[in-house]
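Colleague: Take this structure, written in structure tokens, and hold onto it; I'll ask about it next.
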Amino acid sequence: MQHPAQSDAVTVVRPMRPDDLPEVLRLQAAAYAMAGFAPESAAVFLDRIAVAPAYCLVAQARGHRLLGYLVSHPWHGDEPPKLDAVLRRLPACPALWYLHDCAIDEVARGLGIAGALYDCALATAQRGGLRKGALVAVAGAASYWQRRGYRAEPHRAQPLTGYGPGACYMSRALHGAA
């Protein structure tokens, strides 16, 4: 039997738009249903699209179905933004690229969609002169991000309040291959 997503192959990775939100929220709800924390609101996605449009991407299949999304933005310091927080603007002197969220439709897992989204956003961060990447791995995703060169920073002073059990702050240098 053919994998459901194979007949609906990805045709484009493109910037996320406000009209993508119903599909993005569907993907988010499915990805984090058992994660132990509340999902982000539509206002957060709209905020990130407004302040960092080149860093917020979707993978769209033929027929306009979204197979995944990645939300990221320039940031400062080593503390992640609070969950469900609207930024309104980016920091004046960003020090790093913060990968806020990435979710892939269950039918498209294993097809390289997360990697394609990541690589596009990484290239934008590198072109923008950002030298460090950071994220909070949730729901057991740390091993995926380790394969992408991220390492846990267990020495952090602040707890990752609201990110669910087992959340792990990770970072990596952005120079070189991902």
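The values are calculated or read from the model by the stated rules, or taken from the named source; none is laboratory data. The structure displayed is predicted, hence computed values, not measured ones. All Cβ positions, glycine included, derive from the backbone under ideal geometry; neighbour counts span all protein chains shown. Remember, those area values only see protein heavy atoms, side chains included, never the ligands or the DNA or RNA. Shrake-Rupley method; radii C 1.70, N 1.55, O 1.52, S 1.80 Å.
Colleague: Just to be sure I understand, how many residues within the range 125-145 are under 15 Å from the mean Cα position of the chain (by Cα) and either under 13 Å from VAL13 (Cα atoms) or without any contact (Cβ under 8 Å) to a residue 24 or more places away in the chain (or both)?
Modeller: So the count comes out to 1.
Colleague: Shifting gears a bit: Looking at TYR55, TYR98 in this structure, which one is touching a residue at least 24 places away in the same chain (Cβ under 8 Å), of a type in the set (Ser, Thr, Tyr) and open to solvent by less than 10 Å² (accessible area, probe 1.4 Å)? Let's see the steps before the verdict.
Modeller: On the way: TYR55 fails: open to solvent by less than 10 Å² (accessible area, probe 1.4 Å).
Criteria check complete, one pass: TYR98.
Colleague: Being among the aliphatic types (A, V, I, L, M) and open to solvent by 10 Å² or more (accessible area, probe 1.4 Å) is the filter here, so list the residues in the range 58-95 that pass it.
Modeller: Taking the range 58-95 first, the residues among the aliphatic types (A, V, I, L, M) are 58-59, 61, 66-67, 70-71, 83, 85-87, 90, 92, 95.
Within the range 58-95, LEU83, ALA85, VAL86, LEU87, LEU90, ALA92, ALA95 qualify.
Colleague: Would you confirm whether any residue within the range 115-132 is closer than 17 Å to ALA38 by Cα and of a type in the set (Val, Ile, Thr)?
Modeller: Within the range 115-132, the first condition is being closer than 17 Å to ALA38 by Cα, and the residues that meet it are none.
No, the range 115-132 contains no residue that is closer than 17 Å to ALA38 by Cα and of a type in the set (Val, Ile, Thr).
Colleague: Anything in the range 142-178 that is at pLDDT 80 or above and either within 15 Å of PRO81 (Cα to Cα) or open to solvent by 70 Å² or more (accessible area, probe 1.4 Å) (or both)? List them, or say none.
Modeller: Residues of the range 142-178 that are at pLDDT 80 or above, as a first pass: 142-153, 167-174.
Result: GLN146, ARG147, ARG151, ALA167, CYS168, TYR169, MET170, SER171.
Colleague: Among (1) in a helix (DSSP H, G or I); (2) over 19 Å from GLY149 (Cα atoms); (3) open to solvent by less than 10 Å² (accessible area, probe 1.4 Å), there is one condition ALA121 misses while meeting the rest; what is its number?
Modeller: Failed condition: (2).
Colleague: List pairs: first in the range 28-52 and closer than 16 Å to LEU66 by Cα, second modelled with pLDDT under 85, Cβ under 7 Å, 6+ apart or cross-chain?
Modeller: Taking only residues 6 or more apart or on different chains, the pairs are GLN28/PRO39; ALA29/PRO39.
Colleague: Quick one: would you say ALA116 is open to solvent by 10 Å² or more (accessible area, probe 1.4 Å), under 23 Å from PRO18 (Cβ atoms) and in a helix (DSSP H, G or I)? So that I can check it myself, show each step before the final result.
Modeller: Values: open to solvent by 10 Å² or more (accessible area, probe 1.4 Å): yes; under 23 Å from PRO18 (Cβ atoms): yes; in a helix (DSSP H, G or I): yes.
Yes; evaluated as a whole, the condition is true for this residue.
Colleague: What number of residues in the range 1-25 are open to solvent by 70 Å² or more (accessible area, probe 1.4 Å), modelled with pLDDT of 85 or more and farther than 14 Å from ALA59 by Cβ?
Modeller: Summing the residues that are open to solvent by 70 Å² or more (accessible area, probe 1.4 Å), modelled with pLDDT of 85 or more and farther than 14 Å from ALA59 by Cβ in the range 1-25 gives 3.
Colleague: Ok, one more. Could you go through the range 34-43 and let me know if any residue there is farther than 24 Å from ALA167 by Cβ, surrounded by fewer than 19 Cβ atoms within 10 Å (Cβ to Cβ) and at pLDDT 95 or above.
Modeller: Within the range 34-43, the first condition is being farther than 24 Å from ALA167 by Cβ, and the residues that meet it are none.
No, the range 34-43 contains no residue that is farther than 24 Å from ALA167 by Cβ, surrounded by fewer than 19 Cβ atoms within 10 Å (Cβ to Cβ) and at pLDDT 95 or above.
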